[in-house]
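Everything below concerns the one structure shown next.
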Amino acid sequence: MSFFSHAALSALLLAGLQAASAQEQAQLVPAAVQIQSKVSVRPKPAAAPVMDHYQQALVRVRSGRISEAHELLRQRLREEPKDLAATRLLASLLLDGGQLVEAAQVLSTAQALSPQNTDIAIALARLQAEQKAYPLALQTLERSAEYARQDADYVFFMAVLAAQAGQSARAIPLYQQALQLAPGQGAWWLALGAAQQAVQDRVGARSSYETALASGLDAARQRQAKLALRQLREPVL
């Protein structure tokens, strides 16, 4: 099962970086306005600020000097391991360059330090799932699960990983939790039915498949659900 391309993982991390940067800028505006209101004379031109390693890395990225950006970001994370902007940018660049082992290490360290940042957990779990390390990917999501209880997509991803790991009994309550948050997802009902069928819960599986069909499925999934229902109607030998 293919989960996500490395380009998609990189985009996920950059989206988190952009969102964090926008929030920081918004927080700076009131302070800047307050300072300006207190100044009655024209200030002297300020000296150019000294760029830290992260800012220097951004300059290198814009000029295509990626290997130099890598090293600057590594230095930044040695100085400040909790710098999520540097983490996201370094992991994104490493993924783009196919350096998957180091990317996983960077994300794992970041999650251990800041488990509340669920985009980091998702990116790491997706990378692990691409390598078919489904139990490991599930453990990764579980470490940040308390911060994503109301995130239907996060919970559904946990369920998918449990199913892929052969843990259908574990997947079922996760699918159900996700569907409580987003009950109209027909494909999720289909996945729940498959997990229930795997543990021989024929009644539950039949109900889930019927709900899936009623919730709306594409043609391929409709065929899958109807075939499963026909199989469930056959007598058990």
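Read the figures in this text as sums done on the coordinates, not as results from a lab. As the structure is a prediction and not an experimental result, all values here were calculated from the model. Here Cβ is always computed from backbone atoms with ideal geometry, including for glycine, and neighbour counts include all displayed protein chains.
Couple of notes before you dig in:
- Panel note: the C-alpha atoms of region 150-237, placed on their principal axes, show extents of 39, 26, 19 Å (largest first).
- By average C-beta atoms within 10 angstrom, highest first, the peptides 108-115, 153-160: 153-160, 108-115
- Burial ordering of ARG149, ARG202, fewest other beta-carbon atoms within 10 Å first: ARG149, ARG202
- R0 of 22 Å, Cβ-Cβ distance ARG143-VAL199: FRET efficiency to nearest 0.05: 0.25
- At 0.692 mPa s and 37 °C, Stokes D of region 52-91 from Kirkwood alpha-carbon radius, µm² per second: 345
- When +1 charges are put on Lys and Arg Cβ atoms and -1 charges on Asp and Glu Cβ atoms, the dipole computed for region 138-221 relative to its Cα centre reaches about 180 debye.
- Normalised per residue, the volume of the convex hull around the Cα set of region 145-190 (Å³): 62
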